[in-house]
1. Criterion first (in contact with a strand residue (DSSP E or B) (Cβ under 7 Å, 6 or more places away or on another chain), surrounded by 14 or more Cβ atoms within 10 Å (Cβ to Cβ) and touching a residue at least 60 places away in the same chain (Cβ under 8 Å)) does Phe34 satisfy it?
2. Among the residues of the stretch 63-95, write down those that are surrounded by 13 or more Cβ atoms within 10 Å (Cβ to Cβ) and among the hydrophobic types (A, V, I, L, M, F, W, C).
3. So which residues in the stretch 136-157 are of a type in the set (S, T, N, Q) and touching a residue at least 24 places away in the same chain (Cβ under 8 Å), if there are any at all?
4. Just wondering, is there one or more residues in the stretch 55-76 that are among the β-branched types (Val, Ile, Thr) and free of Cβ contacts under 8 Å to residues at least 24 places away in the same chain?
5. For the stretch 108-160, what are the residues that are of a type in the set (Lys, Arg) and under 16 Å from the mean Cα position of the chain (by Cα)?
6. Which is polar (S, T, N, Q) and surrounded by 15 or more Cβ atoms within 10 Å (Cβ to Cβ), of Ser23, Ser44?
7. Can you list the strands (runs of 3 or more DSSP E) lying wholly within the stretch 1-98 that have 1 or more residues being out of contact with any Lys or Arg (no Cβ under 8 Å at 6 or more places or on another chain), at pLDDT 90 or above and more than 30 Å from Lys157 (Cα to Cα)?
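The values are calculated or read from the model by the stated rules, or taken from the named source; none is laboratory data. Source: prediction; values computed, not measured. Note: ideal-geometry Cβ built from the backbone for every residue, glycine included; neighbour counts use all protein chains shown.
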Amino acid sequence: MNATTMTVEPTETKKFNERWLRSLAKVITMRIIFTCVHIFNTWSVTGSWIMGLKVAGLAFFVNPALYWFHERGWNLFQVGRQVDEKRKFKEGNFRSLGKDLTWRVVITGSNFFLPYFVTGSLKYGLTIMSVATLVNMTIYFFHERLWNLVPWGREIKEWLNDESSTDTKSK
């Protein structure tokens, strides 16, 4: 019987990262789209352009901060990211869907509280929240898919896992 020692070499790991300027650009493009949607949704429920402008104005300051923290939080997780020669890395549909669903939880609160605060009406707050939920989920998903085509602001960091171990086997 021979005893042999097998050494496992360190393995290379990739971490996909979006730079903060890319997150900021995503916040700006999303804010432009959602400001228009806020105005239209509130107007369609209340019949008042003024209420629509007030809700959109308040959301202009609150929601980008929420979106920024959501983007940076998701950047910590690598699930659904793969190497891509043209774009450094790409994100799959399931990652976009995951981001869409977690964003929905965060923004649904905002989509209720901001209109409720502006209108003082529980009915308007709930109705605007419901309309926004249906419309905005679709917009968010396609916003993510379009940004997935843009390589700017992406990087891949590589490092070695230093989990070398020895395994003794008998033959």
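1. Numbers: in contact with a strand residue (DSSP E or B) (Cβ under 7 Å, 6 or more places away or on another chain): no; surrounded by 14 or more Cβ atoms within 10 Å (Cβ to Cβ): yes; touching a residue at least 60 places away in the same chain (Cβ under 8 Å): yes.
No.
2. Leu66, Trp68, Trp74, Phe89
3. Asn136, Asn148
4. The answer is no, given that none of the residues of the stretch 55-76 is among the β-branched types (Val, Ile, Thr) and free of Cβ contacts under 8 Å to residues at least 24 places away in the same chain.
5. Looking only at the stretch 108-160, we keep the residues that are of a type in the set (Lys, Arg), and these are 123, 145, 154, 157.
Residues satisfying the conditions are Arg145, Arg154.
6. Step by step, each of Ser23, Ser44 is checked, and only Ser23 is polar (S, T, N, Q) and surrounded by 15 or more Cβ atoms within 10 Å (Cβ to Cβ).
7. Here the list is empty.
Matching residues to (1) more than 15 Å from Leu101 (Cα to Cα); (2) polar (S, T, N, Q); (3) over 18 Å from the mean Cα position of the chain (by Cα):
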position	(1), (2), (3)
Leu53	yes, no, yes
Leu58	yes, no, yes
Val62	yes, no, no
Ala65	yes, no, no
Trp68	yes, no, no
Glu71	no, no, no
Gln78	yes, yes, no
Glu85	yes, no, yes
